[in-house]
Amino acid sequence: MKIINFCKALILLVAFLGSAGFAQSNKVLIVNSEKAVYRYETIATEFKKVLQQNAYQWAEFNLDSHANVEAELKQFIEQENPALIYCIGTQAYSLVHNVAPNKKMLFSAAINWRRLDVGAGTYGVANELSSAQELSLLRHFFPTIKTIGLLYNDSFSREYVETIKKDALASGINIINKPIDDTQEIIGALNELLPKIDMFWIISDPVVLSNKESVQQIFQAAQQQKKPVYAYSDVYIEQGAVLSISADIATIGRQSAGLAMMANQDKVPGGTVQSPAGSMVTLNKCALDALKLKFNQDALDSVNKIVGCEQ
Amino acid sequence: MKRILPVFFIFFVFVVGGGWSAHSDERPRYYFYNTETNINNFASLKMEFDIYLSNHGSYLLQPFDLRENFEAVIHEKKGDVYLLSSWHLKELQQKRVPLEIALVGTSKGNTTQRKVLSAKKDIVNFAMLKNTVVAAAGSEEYVHSILKQILGKGQETLLKDIKILIVPKDIDAVMAVGFGMATAAISAESGLDKLAMMSPNQFKELHSLGFSEKDYLLIAATLKKTDQQETQLLDVLRKMSETDAGVANLKMLGIDGWRAVQ
């Protein structure tokens, strides 16, 4: 009888340890750079929804809720011992990379992720759509556009512009790019560029977009020469961009969760960084009508937001 | 008692106030909820539709982002017209909600569509989708149901091993395969047509692994026994394809006209 009881206790113990081990191996730690940032919080919310559906456990650490962030984070990681750490924002990634360099990591919402130290145990979802995605969508909305112009700074955006040119070639679009070293060169560059193009593309270049005046100059010159402006972000819609295409933030959260689960099971190669799978399209109907620009009406069901003149 | 009174008062003001504000504008409405997209362009949709509708009567569009809220309005049985997917209508009819098809949306002359499960050509059968990501637009319940239908009977285990990535629209789903974020995509056939136009190289890399049954495009439904108000609402819908402004609004819903079902 004693032996039977002992066996029962042993089975229960093994089952308990097994389940605890399973739970431990599935645990994800979410490190959020700033919980108050809507973008970050939306990503975290969607991420958690998917984890919950798949019976994963998680713990959260918000950098803005701790005084001694580095020490407390280190302690929390040791205490929770997560299988993977999900970092939302560059600050979270940099910190986790310092305090737990040997942990599996996944990042999203990191600006310019190519500048991050991405090792074999790191995965990510980029913050921006790839230029190939943007060009494909742009072609969907404006199939008649053949030549697009852009300004950039060679030190910051040379590689990106080279990628754009390569992707544009595959999409049958010609890119005319003009490098500038200073915002004072913007007007001259635009005067040279605008007559040669069908559309101007605002890329995320810190020199071209270094101040409000340079942005105003772009829109004023484009308006004078009746050229539409396409932008990487909907913040430029208000200023007159006809279209903006950016990454859908809720999808980034869901996509990151899928990638986290695959990475946890070693089903994706280390170092994988995906482009965002969802797009957010804003159309400025007011600017479109003012320019009498041809727009693919069949693409209207792919537009997330339409802005009219009265808004 | 002193404690209960203020609570009761707040509750009364909230419930009565909420009800009043919801019913303060008694104009006839088109209630809209679509399980097949996650675009959530409701502000734009409402603005554009209301401008159009104001020229054709005193009507409003009321889009919903939550299925429960949309269904709650149907259960109020106020009449009006309900715009919803064919799949959703069937679900409601199974629950004995007395909705009937009044009009079906058309696109390029068609009233029906199939959903396609497409993947790159190296994925040659369903079994290869095990432990992969399938991208699709729509509510999770809808996508799951369509995937189950496409895979067919006896694939329950495989279904559990497929991770569904919900994206905002069809075009995102098919592009996700081309750009390597998903192994396969579920989209309407028109989604693949769009890909063929915008990215012919990506389109050539894909092939169809399976199809769903044919189903109607967007549906305009009414509760049984259409009254005069509903007839007027349906008439406005039917005539939308006769003007450019009407067609532009319909295109936001992914259709270009309406047709009565015999």
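May I ask you to say which residue of A:Asn54, A:Asn68 is surrounded by fewer than 19 Cβ atoms within 10 Å (Cβ to Cβ) and within 14 Å of chain B (Cβ to nearest Cβ)? Steps first, answer last, please.
On the way: A:Asn68 fails: within 14 Å of chain B (Cβ to nearest Cβ).
The conditions single out A:Asn54.
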**Study point:** Total residues in the stretch A:174-207, condition modelled with pLDDT under 95 and under 20 Å from A:Glu134 (Cα atoms)
**Key:** 3
Revision key, fill the gap. Checked the stretch A:263-275 for anything under 19 Å from the mean Cα position of the chain (by Cα), facing chain B (nearest Cβ under 8 Å) and under 20 Å from A:Ile30 (Cβ atoms); matches are A:Gln274
Check your understanding: List, please: which pairs have Cβ atoms under 6 Å, are six or more places apart or on different chains, and start with a residue in the stretch A:289-311 that is β-branched (Val, Ile, Thr) and end with one that is open to solvent by 50 Å² or more (accessible area, probe 1.4 Å)?
Key -> A:Ile306/A:Lys285
Check your understanding: Is one or more of the residues making up the stretch A:167-174 within 14 Å of another protein chain (Cβ to nearest Cβ), touching a Leu at 6+ places or on another chain (Cβ under 8 Å), part of a loop (DSSP other than H, G, I, E, B) and more than 30 Å from A:Lys267 (Cβ to Cβ)?
Key -> yes
Review point. So B:Glu140 clears everything in (1) open to solvent by 60 Å² or more (accessible area, probe 1.4 Å); (2) modelled with pLDDT of 95 or more; (3) within 28 Å of A:Ser130 (Cα to Cα) except one condition, right? Which one?
Key: (2)
**Study point:** Whichever residue in the stretch A:139-166 is in contact (Cβ under 8 Å) with a residue 12 or more places away in the chain and under 16 Å from B:Phe179 (Cα atoms) and, among such residues, is farthest from the other protein chains (Cβ to nearest Cβ)
**Key:** A:Ile164
**Study point:** The listed residue being at pLDDT 95 or above and crowded, with 19+ Cβ neighbours inside 10 Å, out of A:Ala257, A:Ala263
**Key:** A:Ala257
Check your understanding: Is it the case that A:Asn153 is in contact with a strand residue (DSSP E or B) (Cβ under 8 Å, 6 or more places away or on another chain), open to solvent by less than 20 Å² (accessible area, probe 1.4 Å) and of a type outside the set (A, V, I, L, M, F, W, C)?
Key -> yes
Check your understanding: Just a yes or no: is a residue in the stretch B:160-175 more than 14 Å from every other protein chain (Cβ to nearest Cβ), among the β-branched types (Val, Ile, Thr) and not in a strand (DSSP E or B)?
Key -> no
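For the stretch A:29-51: of the residues being among the hydroxyl-bearing types (Ser, Thr, Tyr) and touching a strand residue (DSSP E or B) at 6+ places or on another chain (Cβ under 8 Å), which is surrounded by the fewest Cβ atoms within 10 Å (Cβ to Cβ)? Show your work before the answer.
So in the stretch A:29-51, the residues among the hydroxyl-bearing types (Ser, Thr, Tyr) come out as A:33, A:38, A:40, A:42, A:45.
When the remaining residues are screened for being touching a strand residue (DSSP E or B) at 6+ places or on another chain (Cβ under 8 Å), the result is A:33, A:40.
Details: A:Ser33: 20, A:Tyr40: 22.
The qualifying residue surrounded by the fewest Cβ atoms within 10 Å (Cβ to Cβ) is A:Ser33.
Kindly indicate whether any position in the stretch B:202-214 is among the aromatic types (Phe, Trp, Tyr) and more than 16 Å from B:Ala102 (Cα to Cα). Steps first, please.
Here is the first cut: in the stretch B:202-214, the residues among the aromatic types (Phe, Trp, Tyr) are B:203, B:211.
Narrowing further to those that are more than 16 Å from B:Ala102 (Cα to Cα): B:203, B:211.
There is at least one residue in the stretch B:202-214 that is among the aromatic types (Phe, Trp, Tyr) and more than 16 Å from B:Ala102 (Cα to Cα).
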Exercise for review: Output the residues belonging to the stretch B:143-158 that are under 26 Å from the mean Cα position of the chain (by Cα) and either of a type in the set (Ser, Thr, Tyr) or open to solvent by less than 20 Å² (accessible area, probe 1.4 Å) (or both).
Suggested key: B:Val143, B:Ser145, B:Ile146, B:Leu147, B:Ile150, B:Leu151
Practice item. Pick out the one residue from A:Leu259, A:Leu283 that is within 10 Å of chain B (Cβ to nearest Cβ) and either within 25 Å of A:Gln297 (Cβ to Cβ) or part of a loop (DSSP other than H, G, I, E, B) (or both). Key: A:Leu283
Check your understanding: Can we say B:Met198 is aliphatic (A, V, I, L, M), in the same structural domain as B:Leu89 (by TED's automatic domain parsing), over 18 Å from the mean Cα position of the chain (by Cα) and under 22 Å from B:Glu36 (Cβ atoms)?
Key -> no
Review point. Out of A:Ala71, A:Ala110, A:Ala120, which single residue is assigned to a helix (DSSP H, G or I) and small (Gly, Ala, Ser)?
Key: A:Ala71
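For the stretch B:126-144, name all the residues that are away from chain A (no Cβ under 14 Å) and over 21 Å from B:Leu253 (Cβ atoms). Spell out the reasoning first.
From the stretch B:126-144, those away from chain A (no Cβ under 14 Å) are B:126-127, B:142; that's our starting set.
B:Phe126, B:Ala127, listed by residue number.
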Exercise for review: Confirm whether A:Glu60 is outside any helix (DSSP H, G or I), over 29 Å from A:Leu300 (Cα atoms) and open to solvent by 30 Å² or more (accessible area, probe 1.4 Å).
Suggested key: yes
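Would you mind listing the helices (runs of 4 or more DSSP H) fully within the stretch B:184-262 where at least 3 residues are in contact with a strand residue (DSSP E or B) (Cβ under 6 Å, 6 or more places away or on another chain) and surrounded by fewer than 17 Cβ atoms within 10 Å (Cβ to Cβ)? Even if it seems obvious, please write down each step before you answer.
Values: elements: B:189-198, B:200-205, B:228-238, B:244-252.
Counting at least 3 such residues, we get no helices (runs of 4 or more DSSP H) at all.
The values are calculated or read from the model by the stated rules, or taken from the named source; none is laboratory data. Nothing here was measured: the structure is a model prediction, and the numbers come from that model. In this analysis, Cβ positions are derived from the backbone assuming ideal geometry, glycine residues included, and neighbour counts consider all displayed protein chains. Side chains are part of the model used for accessible areas, which takes the heavy atoms of the whole protein and leaves out ligands, DNA and RNA. Shrake-Rupley method; radii C 1.70, N 1.55, O 1.52, S 1.80 Å.
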